[in-house]
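Read-outs throughout are calculated quantities, based only on the coordinates presented, and are distinct from any laboratory measurement. All of these numbers come straight from a predicted model, not from anything done at the bench. Cβ coordinates were reconstructed from backbone atoms using ideal geometry, including for glycine residues, and neighbour counts include every protein chain displayed.
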Amino acid sequence: MRLSKSSIQTYLSCPKAYILHKEYGDSSKKLIEEGQSIDSRIGLEIHRLIETYRDDLSYWENVEAVSSCLRDDGISKDKLNKFITCAKNFLNYKQYVGRDDLIEYPFEVEINGIEFIGRFDRVHDDIIIDWKTSKVPNNIDNDIQCIIYEQVYKKIFKKQPRVILVSLLQDKEVAFQHTKFSSIFFSDIVPYVYNGIKENNFPRTGAFNGACYLCAYQAECGL
């Protein structure tokens, strides 16, 4: 069994949603709000621009080309402004961009007998950068993704990384700090998820914690 950040988060929010995702896959998702698909596209386009960044001139040429496509597709003015804001704010974080960076670096690493899979957006001088086109909290010390990133990087490269989330929407960065929860995560939380999946334990807990509200599998779940 292989676990990712999203699979752990989904199981913790609602085990039933986890198994429905495994059964129906991403293609069956029903976007509850129209804006979700647009926001996902904006995130994808911004990531592509960052991945191919070479210099400011060519970058802005690419930004304008994407903006033109978004306009032609009828994107709203608010969403277009969001795209432009994220694109503009990226230039404030060029200190985290270098020619020798690892970009979209995939990993599959065993920790305590369990395989973790995922990818780093960018690694620059032992700094793991995760670009966000959404808002981020002021404290990410209990963030599952950051906890996994830190341990996976140490496992692969035998070095202590810095993990930073950059909100291009807010123009701010938040650094992850290792806490006791990081150890609890691997000793308690991960085994709970692993054993629950292994034992086919998939209750509809989302009905009691609000996870059903924007769940993509409401019809399949029968709620």
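Would you tally the net charge around residue 42, using a Cβ to Cβ cut-off of less than 9 Å, leaving residue 42 out, and scoring K and R as +1, D and E as -1?
Net of charged neighbours comes to +1.
If packing is taken as the mean number of other Cβ atoms within 10 Å per residue, what is the order of 51-60, 186-195, highest first?
Going by the mean number of other Cβ atoms within 10 Å, highest first, we get 186-195, 51-60.
Which order results if 83, 107, 208, 90 are arranged by neighbouring Cβ count within 10 Å, fewest first?
Result, fewest neighbours first: 208, 107, 90, 83.
Kindly provide the helix-only [θ] at 222 nm of the chain, computed as the sum of -39,500 (n - 2.57) over DSSP H runs of four or more divided by all residues, to the nearest 500 deg cm²/dmol?
Using -39500 (n - 2.57) per qualifying helix, the result is -14000 deg cm²/dmol.
Work out the length of the dipole vector of the chain about its Cα centre, built from +1 on the beta-carbon of each Lys and Arg and -1 on the beta-carbon of each Asp and Glu, and round it to the nearest 20 debye.
420 debye
Tell me the relative contact order for the chain as a rounded percent, counting alpha carbon contacts under 8 Å between residues six or more apart.
Relative CO of the chain lands at 28 percent.
Run the simple label-point estimate for residue 157 and residue 40 please: 7 Å along Cα→C-beta, distance reported in nm.
3.0 nm
With contacts defined as alpha carbon pairs under 8 Å and 6 or more residues apart, what's the relative contact order of the range 71-160 in percent?
It comes to 19 percent, rounded to a whole number.
What is the fewest-to-most order of 198, 79 by other Cβ atoms lying within 10 Å of their Cβ?
198, 79
Less than 13 Å Cβ to Cβ from residue 84, Lys/Arg counted +1 and Asp/Glu -1: what total charge do the surrounding residues give?
Every neighbour counted, the sum reads +1.
Taking R0 as 30 Å, what's the FRET efficiency between residue 94 and residue 71 from their Cβ-Cβ distance, rounded to 0.05?
Efficiency, rounded to the nearest 0.05: 0.65.
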